[in-house]
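Structure, as structure tokens:
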Amino acid sequence: MPHFHLESEWAPRIVCGVDEAGCGPWAGPVVAAAVIFNAADDAPRGLNDSKKLTPAKRDALFDAIMQQAAASGVGIATVEEIDRYNIWGATQLAMRRAVEALSITPNIALVDGKRIPKPFPCAVETLIGGDGISLSIAAASILAKVTRDRMMEAYAKEYPHYGFERHAGYGTAFHQQAIAQHGLCPIHRRSFKPIRAYAEQEAA
């Protein structure tokens, strides 16, 4: 389970946890979040990697994090930015925006994964599987996941044929069938190889 050991090791310097949601889908933005807790006791009970939690549990923890964190921030990179800068470039942009959205300036960011985002507003320590290790990263993973899921649910109302509320833009069989039947919509990532292939078919 996630703990606060790493954050405590950096005290009294201010530490934020950073994570993203939405690198793999064929459609929609990539979303990152950053969270600062002053102490372990400030973190809601039950925090974990967002992928290991039910939607209802994520929603409940989202509200608790927003209330109990010393600071939180969300950053979004659009589909256009994903297509312009590639997915890693857009992810770095979303992470920077999340940290810059914090009301408190951190000294160091604990970032889930192994790649260091550059440039960045503070020092970075990367953690593979960090959302299962650090309370701050686990909280960030929940904020990013819930924010993105809600965005995709809103897009589902705008583009109802694709089932975005069901798969959040991932390349499921249902999603592929919907593209084959209805073509692409404006939030599909045309720089992604499967979507690029569909776009080339449409243009032929």
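The values are calculated or read from the model by the stated rules, or taken from the named source; none is laboratory data. As the structure is a computational prediction, the values presented were derived from the model and not from experiment. Cβ sites come from the backbone with ideal geometry, for glycine too, and all protein chains shown count toward neighbours.
Applying the criterion of being charged (D, E, K, R) and assigned to a loop (DSSP other than H, G, I, E, B) to the residues of the stretch 185-202, the residue that is surrounded by the fewest Cβ atoms within 10 Å (Cβ to Cβ) is ARG190. A single entry from ILE137, ILE108, ILE133, ILE128 fulfils the requirement of being surrounded by fewer than 16 Cβ atoms within 10 Å (Cβ to Cβ), modelled with pLDDT of 95 or more and not charged (D, E, K, R): ILE128. If the condition is being of a type in the set (A, V, I, L, M, F, W, C) and either out of contact with any helix residue (DSSP H, G or I) (no Cβ under 9 Å at 6 or more places or on another chain) or part of a strand (DSSP E or B) (or both), then the stretch 80-96 contributes ILE87, TRP88, MET95. Please verify whether the stretch 143-150 includes one or more residues that are more than 18 Å from LYS52 (Cα to Cα), crowded, with 16+ Cβ neighbours inside 10 Å, in contact (Cβ under 8 Å) with a residue 60 or more places away in the chain and under 16 Å from the mean Cα position of the chain (by Cα). No, the conditions are met nowhere in the stretch 143-150. So, PRO117, is that one in contact with a helix residue (DSSP H, G or I) (Cβ under 6 Å, 6 or more places away or on another chain) and not in a strand (DSSP E or B) or not? Judged against the criteria, PRO117 is a match.
One line per residue, one yes/no per condition, for (1) within 25 Å of MET151 (Cα to Cα); (2) part of a helix (DSSP H, G or I):
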position	(1), (2)
MET1	no, no
SER8	no, yes
ARG13	no, no
GLY24	yes, no
VAL35	yes, no
ARG45	no, no
ALA56	yes, yes
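Look at ILE104 and say whether it is in a loop (DSSP other than H, G, I, E, B) and either under 14 Å from ALA69 (Cβ atoms) or out of contact with any Pro (no Cβ under 9 Å at 6 or more places or on another chain) (or both). So ILE104 passes the test. Taken over the stretch 151-184, the criterion of being in a loop (DSSP other than H, G, I, E, B), more than 19 Å from ARG58 (Cβ to Cβ) and in contact (Cβ under 8 Å) with a residue 12 or more places away in the chain is satisfied by TYR159, HIS161, TYR162, GLY163, GLY171, GLY183, LEU184.
Scanning the stretch 68-91 for residues that are closer than 14 Å to PRO117 by Cβ, more than 14 Å from the chain's Cα centre (by Cα) and surrounded by 20 or more Cβ atoms within 10 Å (Cβ to Cβ) yields a count of 0.
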